[in-house]
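FYI, it's all coordinate maths here, none of it is from the lab. This structure is a prediction, so every number in the text was calculated from the model and none was measured. FYI the Cβ positions are ideal-geometry reconstructions off the backbone, even for glycines, and counts take in every protein chain you see.
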Ligand code: CA
């Protein structure tokens, strides 16, 4: 089998003004994805997604001008050979960022083809599935409605109630845009709302994400506040480049430190783990090097006693890739009674508006009544991309 055609697609969906939202580093006024479509001489077609967020055009250009000429004619079943060839080419100038994001999309599309060729879901090719569904946590609690409303804890509590009413039994919110006092008031309000929705005596898993907003000494102060609210993990407390700061935060605080969505390839994760920066690794499959590389990162993490909860943000294709990867993750550590947030992975399920997540697939991923998402079982990614939706959000 040979790759005969590679297409990249830049998809964009502007948000209505009232839908715009902030995290600590950025405002989001549109949702976007770079998709990859690989066609083979056998007629099989595979889809991938390249990149986490931000302008998809540079990622598409990397695919078109750098990767496509190198993989045309190669056998897409040789996923590692393709990966190493592409990474070796970009190593001198592209070890972080756009180039690796582009490789990620190509890799996912090759796995999609491999699964279809062998008539197996990708998780079967990864060694088998440990589960047929995974508990999802809602990623919400962004800053909305303009600066005068960012500190509105009533609106945040109402949002938390909506997520639980939808079926979520775990939640992550944002900090880092406001003062420490205002953000800790939000943390407390969201936790209180979550507790009020939980059955008596039960506390749903609760996580807090700073998107690297703090210097280490402030991160430690914020982390103390999070510990008082029974927070499962503190995500990206400091900038990814500051490994000494990460270690200082991790060693000082009792709660788990999570990070890695901005890191690319096993080499970055090796350094994070070697230096004792994180308890939880969050590789993004569409950014860190695709399914091939994320599997290697997970193996590395297991040797360090670091848990893996992948970062997920993009379209339905990103969700599908994450679900196959999660299916293949063993409980960490093994347990005769695997429990989400203890030794079982969870799926990050972004709750911000994104039609590329909700309409791109003919059968979009949805939350089951028990707060889980089902793992796809059909060959490859197990999805059907609606090409009319690709055209709808593609270049006009
Ligand atoms: Ca995050």
Rounded to whole angstrom, the alpha-carbon centroid of the stretch 220-248 lies from that of the stretch 64-109 at a distance of 34 Å
Protection proxy (average C-beta count within 10 Å per residue), highest first, orders 290-303, 139-152 as 290-303, 139-152
Take each of the peptides 168-178, 217-227, average the number of other beta-carbon atoms within 10 Å over its residues, and list them starting from the highest.
168-178, 217-227
If you scale each eigenvalue of the Cα gyration tensor by 5 and take the root, what three semi-axes come out for the stretch 1-96, rounded to whole angstrom and sorted largest first?
30, 17, 10
Normalised radius of gyration for the stretch 1-44, please: alpha carbon Rg relative to 2.2 N^0.38 Å, two decimal places.
1.82
Can you tell me what the convex hull of the Cα atoms of the stretch 204-275 projects to on average, as an area in nm²?
4.6 nm²
The stretch 73-146: relative contact order from alpha carbon pairs under 8 Å, six or more residues apart, as a whole percent, is 27 percent
Expressed in µm² per second, the diffusion coefficient of the stretch 239-396 from the Stokes-Einstein equation, with Rh the Kirkwood radius over alpha carbon pairs, at 37 °C and 0.692 mPa s, is 196 µm²/s
At a 10 Å Cβ-Cβ cut-off, how would you order 1, 207, fewest neighbours first?
1, 207
Between residue 132 and residue 182, with labels modelled 7 Å along Cα→Cβ, what's the label distance in nm to one decimal, could you check?
4.9 nm
Extended-chain gain in nm, criterion 0.36 nm per residue less alpha-carbon gap, residue 42 and residue 12:
7.7 nm
Inter-site label distance for residue 227 and residue 4 at 7 Å from Cα along Cβ, in nm
6.2 nm
Shape parameters for the chain, alpha-carbon atoms, Rg then Dmax in Å
20.1, 60
Stretch gain in nm, segment residue 61-residue 203, where the contour uses 0.36 nm per residue and the Cα spacing is subtracted
46.5 nm
Dmax and Rg, reported as Rg then Dmax, of the stretch 145-244 (C-alpha, Å)
13.7, 42
Find the percent of Cα-Cα distances in the stretch 325-381 that exceed 14 Å, and round it to a whole number.
66 percent
Could I have the simple spin-label model distance between residue 241 and residue 337, label points 7 Å from Cα toward Cβ, reported in nm to one decimal?
4.7 nm
Three-way shape call for the stretch 262-339 based on the alpha-carbon gyration tensor, with the a/c threshold at 1.5:
oblate
Note to self: Kirkwood Rh of the stretch 74-129, Cα pairs, one decimal, Å, is 12.0 Å
If you restrict to DSSP beta bridges whose two residues both lie in the chain, what percentage is antiparallel, to the nearest 5?
50 percent
Per DSSP H run of n ≥ 4, the term is -39500 (n - 2.57); total these for the chain, divide by its residue number, and report the mean residue ellipticity at 222 nm rounded to 500 deg cm²/dmol.
-11500 deg cm²/dmol
How do 372-381, 329-338, 68-77 rank on mean C-beta neighbours within 10 Å, highest first?
372-381, 68-77, 329-338
Taking the Cβ-Cβ separation of residue 374 and residue 166 as r and a Förster radius of 25 Å, what is the calculated FRET efficiency to the nearest 0.05?
0.95
How large is the direction-averaged shadow of the alpha-carbon convex hull of the stretch 88-209, in nm²?
12.2 nm²
Using Cβ contacts closer than 10 Å as the measure, can you line up 350, 64, 183 from fewest to most?
64, 350, 183
Mind pulling the angle between the C-alpha long axis of helix 98-118 and the longest principal axis of the chain? Nearest 10 degrees, somewhere in 0 to 90.
60 degrees
Taking the stretch 250-300, how much of its Cα-Cα pair set, in percent, is spaced more than 12 angstrom apart?
58 percent
